[in-house]
Every structure is written in C-alpha cells, then in structure tokens.
Amino acid sequence: MTRTLSPPRTLSPTRTLPLARDEFIAAMNRDTVGSERPRFLAVLDAMIAWSVARPTMLRFRAEESHRGVVSFERVGSNVVFWAACPRRNEAPKLDLLPRAARALSTDERATAMNALNAHTRETLTVEDPLRIGFSALKNVAARAAVLELMDDLLVVT
C-alpha cells in the first residue's frame, strides 16, 4: 500500500492594514451611495493616519474577528482603542473603547459622551457605547474634535 502525502497546510496570510482597509471599503460600498464613499473613506483614512502616527501607543489589530472592521489596539495589551465598523443599511460607525469604556471613570465617560453628542444627531445615553457615525465625522470640525477626544482618551486609558 502506497501512502501519498497531502501537501503541507499553509497558514492564511496575516491580515494587514491595507487588506483590512480594502475589506472595509468593500463592505461599506454595499450600502453606501456613491457620493458618500469618498467622504467616508476620508474619515477612515484620517483615523488610520492618526493611529499610525502614534506607534508607541497604538497598533493595528490584525486579529479582528469581523470581516470589514478596521481596529487599533493599545500597544502592550489586547484592549481595542477604536474600531471602524461598516453597517448594513446605514453609514459606518466609529466605536471608541468598544470593550473597555467601562474602565473610564464616570466623569471621563461623561466628558467623552458629551464630546460625541456635540457632533451627532444620535444622542448617546449613559448605557450606550461610545460610538459616532461616519456621517457626523464627514464634517472636518467634528472629526477634529473626535480626534482630540481620542488624544485625551489615550492619556486616561
């Protein structure tokens, strides 16, 4: 009896930031009108550029389990700092500290919530995740305010 060897198993390539960005764009394009695509992409690219400029504090999260999600985590931990999530039938969302917002003090959380609420129609309550839609972040002033908030959150988390 001759035994045939099967080819060696190859591991799937590591998920890279450009691949994750492409997956996000593909998922976003399913549910986004053409005129909004470049604006939403500008939001995503601004978030990525801001994060890449802080290599000692943030790194791309290659192990993200949801296809199309782009996220960055704190260096030295598995704590997701932010995640951009395409949504079915609506604009993508930016989640800040999606699984770690509870680590903020009551005052820090209130400050973050108020900063987000100042730039969106979707008012957050105390129980809501720290989330803002890309529709709000198309506005350059709103995006700058959220990036400033993210700078503040880097200090306290």
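The values are calculated or read from the model by the stated rules, or taken from the named source; none is laboratory data. All figures in this text were calculated on a predicted structure; none of them were measured in a lab. In this analysis, Cβ positions are derived from the backbone assuming ideal geometry, glycine residues included, and neighbour counts consider all displayed protein chains.
Tabulated results
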quantity	calculated
Tally of residues being modelled with pLDDT of 90 or more and surrounded by 15 or more Cβ atoms within 10 Å (Cβ to Cβ) across the range 86-108	10
Conditions (1) part of a helix (DSSP H, G or I); (2) more than 15 Å from the chain's Cα centre (by Cα); (3) among the small types (Gly, Ala, Ser): number failed by Ser51	(2)
Any pair with Cβ under 8 angstrom, 6 or more apart, that starts in the range 89-107 at a residue that is touching a residue at least 12 places away in the same chain (Cβ under 8 Å) and of a type in the set (Gly, Ala, Ser) and ends at one that is in a strand (DSSP E or B) and surrounded by 18 or more Cβ atoms within 10 Å (Cβ to Cβ)	Ala91/Gly133; Ala100/Val80
Any hit, the range 30-47, residues being surrounded by fewer than 18 Cβ atoms within 10 Å (Cβ to Cβ), β-branched (Val, Ile, Thr) and either at pLDDT below 90 or under 12 Å from the mean Cα position of the chain (by Cα) (or both)	yes
Count of the range 109-136 residues which are buried (at least 16 other Cβ atoms within 10 Å of the Cβ) and among the acidic types (Asp, Glu)	0
Meets criteria (at pLDDT 90 or above and of a type in the set (Val, Ile, Thr)) for Thr16	yes
Arg59 closer than 21 Å to Thr16 by Cα and modelled with pLDDT of 95 or more	yes
